[in-house]
Amino acid sequence: MNISTDVDRPFLPPQDSALTGEVAIDPGRQQGATTRQIAIVVDTSGSMSGEKIDRAIEGAKYVLGYLEDDDYLTLVGFDATATTVIDAEQYGSMTRDSVVDQIEALSTGGGTDIYAALEQAKEQLDSLPGGPDTAKRILLLSDGKDNRRGPEDFDEQARRIDESGIRIRAGGIGSDYNMETIRTLGTVARGEWEHIEQASEIQQFLGRGVEEAATVVGTDAELRMDIAEGVEFTEVYRARPQVQEVDVEYEGDNLAVVKLPDLKDREDQEVRMKIRAPGHDPGEEVTLADVTLNAAGETAEDDITVEYTEDNDKLGVRREDVSIGLDEVRTRIEAGRGNVEEAQTQVENMRTKYGDDAANLDDLEDTVTEVAEGGRAEQSGATKIDDGDRL
């Protein structure tokens, strides 16, 4: 694995300044097999009756074809209560017909207790052996709101799940689920969240979750940034694979830790941040932060360094793609939250700041327009930057 850093202003004046930085992460290539530990968590409340539960059952059966004998599977269903339908066990020791029978026995009725279901899934996965070559996943499907708890409760729960080395892929179905809950679970637990527009998409959602777990090359990934005295990171975002705002954790005064999703084969990640730098004498080259990537016992290093100067020609140097990238992330986060007016204002500000010819700015504006004219599917889509859409 490898990392590289960049800033939009490589030269700073002697006084305090603001600049934008980014860290690009190349995860490297997969060398061996990854053991998957999959917990499928399915909403079986009354609102899931009909095509939704039928598709969920078919989707759960569909993913069996992706599992290897060494992988583990558990299934939790939930309505007003949560029930572990299949205890966590190696797939090779299960009888497929028996697993299919238990999946097909899922039936709907009652309320929605997402929280209890996630607790049971966590307990099941916590009971299994871990290690650097193990990917633990909760694949959550729900079309409703938890009867007793709000997003703030799921924030705390997702943090505990994440600390156990488990990532959540949270899918909300239809138009009645609590979008903030789904987004919180996918973001805080370093996974992903997405909207599932049609019941027919459930199979794809589950299949992708199981497939991507097989590509993990580094678990418990994090950036550890040793920040120089007086330097402050005022905003930090994960930009790929899904734009997400990050709560930076600090160890002492100067060591900032940014937790990352599991590193996956051929899936680059990016972290973007706004930085406040103190003044220094002209001619000084200053390392604002030493950056180390840790994952699966391996490390990669780089640093964020600038030069202080009074030379106006140097001070005019701008790596515009870095600052545009941060503005793009801010815009996509607002669009993903459904804050269309704020996202539109940010696009207008970007046009004023960078000009109408800024790379792919029209595409970003189209994305915001789609959110304004669409619904939850467009909000979810706005949070993902495809290679062809990058600014």
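The values are calculated or read from the model by the stated rules, or taken from the named source; none is laboratory data. Note that the coordinates shown come from a computational prediction; the quantities given were computed from them, not determined experimentally. Backbone-built Cβ (ideal geometry, glycine too); neighbour counts: all protein chains shown. Remember, those area values only see protein heavy atoms, side chains included, never the ligands or the DNA or RNA. Shrake-Rupley method; radii C 1.70, N 1.55, O 1.52, S 1.80 Å.
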- Query: What is the number of the single condition among (1) surrounded by fewer than 21 Cβ atoms within 10 Å (Cβ to Cβ); (2) under 30 Å from GLY279 (Cα atoms); (3) touching a strand residue (DSSP E or B) at 6+ places or on another chain (Cβ under 9 Å) that ALA199 does not meet?
  - Reply: (2)
- Task: Identify all residues within the stretch 248-269 that are of a type in the set (Lys, Arg) and loosely packed, with under 14 Cβ neighbours inside 10 Å; write none if there are none.
- Result: ARG266
- Can you tell me which residues in the stretch 164-177 are polar (S, T, N, Q) and open to solvent by less than 80 Å² (accessible area, probe 1.4 Å)? SER164
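For THR345, are the conditions met, namely being within 30 Å of GLU229 (Cβ to Cβ), open to solvent by 10 Å² or more (accessible area, probe 1.4 Å) and either modelled with pLDDT of 95 or more or not aliphatic (A, V, I, L, M) (or both)?
no
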- Task: Could you tell me which numbered condition VAL7 fails, if it satisfies all but one of (1) more than 30 Å from SER323 (Cα to Cα); (2) surrounded by 15 or more Cβ atoms within 10 Å (Cβ to Cβ); (3) in contact with a strand residue (DSSP E or B) (Cβ under 6 Å, 6 or more places away or on another chain)?
- Result: (1)
- Task: Quickly run through the stretch 270-288 and pick out the residues that are loosely packed, with under 15 Cβ neighbours inside 10 Å, free of Cβ contacts under 8 Å to residues at least 60 places away in the same chain and not acidic (Asp, Glu).
- Result: GLY283, THR287
- If we keep only residues of the stretch 132-163 that are among the small types (Gly, Ala, Ser) and modelled with pLDDT under 95, then the residue surrounded by the fewest Cβ atoms within 10 Å (Cβ to Cβ) is GLY150
- Item | the stretch 349-363, residues that are on the phi < 0 side of the Ramachandran plot and surrounded by 12 or more Cβ atoms within 10 Å (Cβ to Cβ) | ASN349, MET350, ARG351, LYS353, TYR354, ALA358, ALA359, LEU361, ASP362, ASP363
- Query: So which strands (runs of 3 or more DSSP E) are wholly in the stretch 69-156 and hold at least 2 residues that are under 25 Å from GLU222 (Cβ atoms) and of a type in the set (D, E, K, R)?
  - Reply: 134-142
- Note on the structure: Within the stretch 301-342, the count of residues that are outside any helix (DSSP H, G or I) and open to solvent by less than 70 Å² (accessible area, probe 1.4 Å) comes to 13
